[in-house]
Ligand code: ADP
């Protein structure tokens, strides 16, 4: 795929990573972190070496969604590099593991923290680094995309019309940066009850995005109580139920990125 224009300025900490994939949404609460975490664990299950970088400094979800034994990031005293924590074979870095909880910071500070966490971490050899982006398309997101040579972006949305408008913004941001958007995940699209399928947020905006922007893949992720429960329990759904319906959706997404 096309490389972003900043690839030649690759930060040292990222040089041993083959693919860096952004999971992005323009609003909070649409399931971006759920998709990022389950995608990462699916790729790991497929045999890849994987890391997750939770760039959502204001609302880090990674410490809730995965439960590593070691919940604090360590610093190598000599090299002054950050050593990621690990859960079920996937390397993890989140501001939520930096021992400071939720922060009150201005934008440039946030960008500084993200930059430091991302580029001074000893990721080691990775096939994929999945970045759980902060929601939105503002300065923080743009700076992040400029620091990191993304190989692909996955956009997460819910089916409402309003979120379609937001997705369009996200697609435009990535296309300006020459990062290919490989898939849209339309989350919470439906649920099944009493033998019937319900579409609580309406239908069709995902396929509208895909057609309008020429994005090659669209995935429907249904509302599943298990997805929410496993998100809260610290064991991602694809780890808890590797043969389940949700795992199959993520396996299909995994081959796209
Ligand atoms: P975001 O990262 O966009 O803020 P999250 O991934 O944190 O969103 O999801 C918000 C909440 O919705 C979480 O509690 C999560 O477990 C739940 N959730 C996300 N997707 C689904 C789904 N398809 N079915 C059920 N619950 C979901």
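The values are calculated or read from the model by the stated rules, or taken from the named source; none is laboratory data. These figures come from a predicted structure and were not determined experimentally. Here the Cβ positions follow ideal geometry from the backbone for every residue, glycine too, while neighbour counts run over all protein chains shown.
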Residue list for the stretch 170-193, filter: exposed (fewer than 14 other Cβ atoms within 10 Å of the Cβ) and closer than 17 Å to residue 205 by Cα: 172
Any chance residue 235 is surrounded by 14 or more Cβ atoms within 10 Å (Cβ to Cβ), under 28 Å from residue 88 (Cβ atoms) and out of contact with any strand residue (DSSP E or B) (no Cβ under 8 Å at 6 or more places or on another chain): yes
Output for the stretch 57-70, where each listed residue is in a loop (DSSP other than H, G, I, E, B) and at pLDDT 90 or above: 61, 66, 67, 68, 69, 70
Every pair of residues 6+ apart whose Cβ atoms lie under 7 Å, when the first sits in the stretch 225-236 and is at negative phi while the second is in a helix (DSSP H, G or I) and within 6 Å of the ligand (Cβ to nearest atom): 227/34; 231/34
Number of the condition not met by residue 58 [criteria: (1) more than 25 Å from residue 246 (Cβ to Cβ); (2) out of contact with any helix residue (DSSP H, G or I) (no Cβ under 7 Å at 6 or more places or on another chain); (3) more than 16 Å from the ligand (Cβ to nearest atom)]: (3)
Hits in the stretch 25-39 - residues which are within 19 Å of residue 180 (Cβ to Cβ) and either modelled with pLDDT under 95 or near the ligand (Cβ under 8 Å from one of its atoms) (or both): 25, 26, 32, 35, 36
Extreme residue, farthest from the ligand (Cβ to nearest atom), among residues of the stretch 208-221 that are touching a residue at least 40 places away in the same chain (Cβ under 8 Å) and either assigned to a loop (DSSP other than H, G, I, E, B) or at positive phi (or both): 216
Candidates 42, 64, filtered to the one that is within 16 Å of the ligand (Cβ to nearest atom) and farther than 16 Å from residue 238 by Cβ: 64
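Condition check: buried (at least 20 other Cβ atoms within 10 Å of the Cβ) and over 22 Å from residue 19 (Cα atoms). Does residue 110 satisfy that?
yes
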Answer residue from the stretch 2-24, given it is in a loop (DSSP other than H, G, I, E, B) and at pLDDT below 85 and is surrounded by the most Cβ atoms within 10 Å (Cβ to Cβ) among those: 4
Test: residue 191 is within 16 Å of the ligand (Cβ to nearest atom) and on the phi < 0 side of the Ramachandran plot: yes
Test: residue in the stretch 222-241 that is under 17 Å from residue 39 (Cα atoms), assigned to a strand (DSSP E or B) and out of contact with any helix residue (DSSP H, G or I) (no Cβ under 6 Å at 6 or more places or on another chain): no
